[in-house]
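Any read-out appearing in this document is the output of simple, stated calculations on the displayed coordinates, not a laboratory observation. Only a predicted model underlies this, so the values are computations on that prediction, with no experimental measurement involved. FYI the Cβ positions are ideal-geometry reconstructions off the backbone, even for glycines, and counts take in every protein chain you see.
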Amino acid sequence: MKKFLIQSILTLIIINNVLQSQKMRPREMGLEIGLFQPGQWNAITDVNGVKVGHETIIQGDNVRTGVTIIVPHEGNLFKNKVMAAVYVTNGFGKALGFTQVEELGTIETPIGLTNTLNIFNVANAIVDYMIINNPNIRSVNPVVGETNDSGLNDNSFIITGLQPVGYYGIRPFWKDGHTTGIFTIQLLKQLSN
């Protein structure tokens, strides 16, 4: 009994230390990543011109999914490509468009991040978005990455399209018919504070 009690206390101490360490960011632990200091919000939107839109869907106990779209600058991405690189840490993930980024070192579309079963829908929607804004293009390389959220959702939320909204927004259309989730950059920055 005494041995079990000591093992239980040690296990709780280890679990507590792991949980406490996860609350700290690497920089707070003295680990400096990259060459530059973080911006005001320590977020991707600190980079001038970068726009981010997202929608998270939480419904009941069986749906936890969403999509994030990153627009690297305010101009025409197809005409003014962005230098880029790709590094794969887990070859199991689905990644569309990465090979061309590795070969050419550029991105020519907004970047999509979504769940496993939506990457092709997001890629198709990005292609549609690019053709609307560049009617004469003959080829385009959408870049979409994924996270497997199959244990968190029942896959009833599938993206069926994207529509440009103004200069900075993209509205996702979902299989169930809803189209909410456009955010202004100012609101995203407020949410990140």
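Worth pointing out:
- Given their separation in residues at 0.36 nm each and the Cα-Cα distance between them, Arg27 and His73 gain 13.9 nm when the chain is fully extended.
- Ranked list, fewest to most other Cβ atoms within 10 Å of each Cβ, for Arg27, Arg64: Arg27, Arg64
- Other-chain or far-sequence residues with amide H under 5 Å of Thr147's (modelled H): Thr114, Asn115, Thr116
- Candidate cross-link partners of Lys175 among the aspartates and glutamates, defined by an alpha-carbon separation under 20 Å and a same-chain spacing of 8 or more, comprise Glu55, Asp61, Asp128, Glu146, Asp149, Asp154.
- Candidate aspartates and glutamates - alpha carbon under 16 Å from Lys81, same-chain residues fewer than 8 apart omitted: Glu102, Glu103, Glu108
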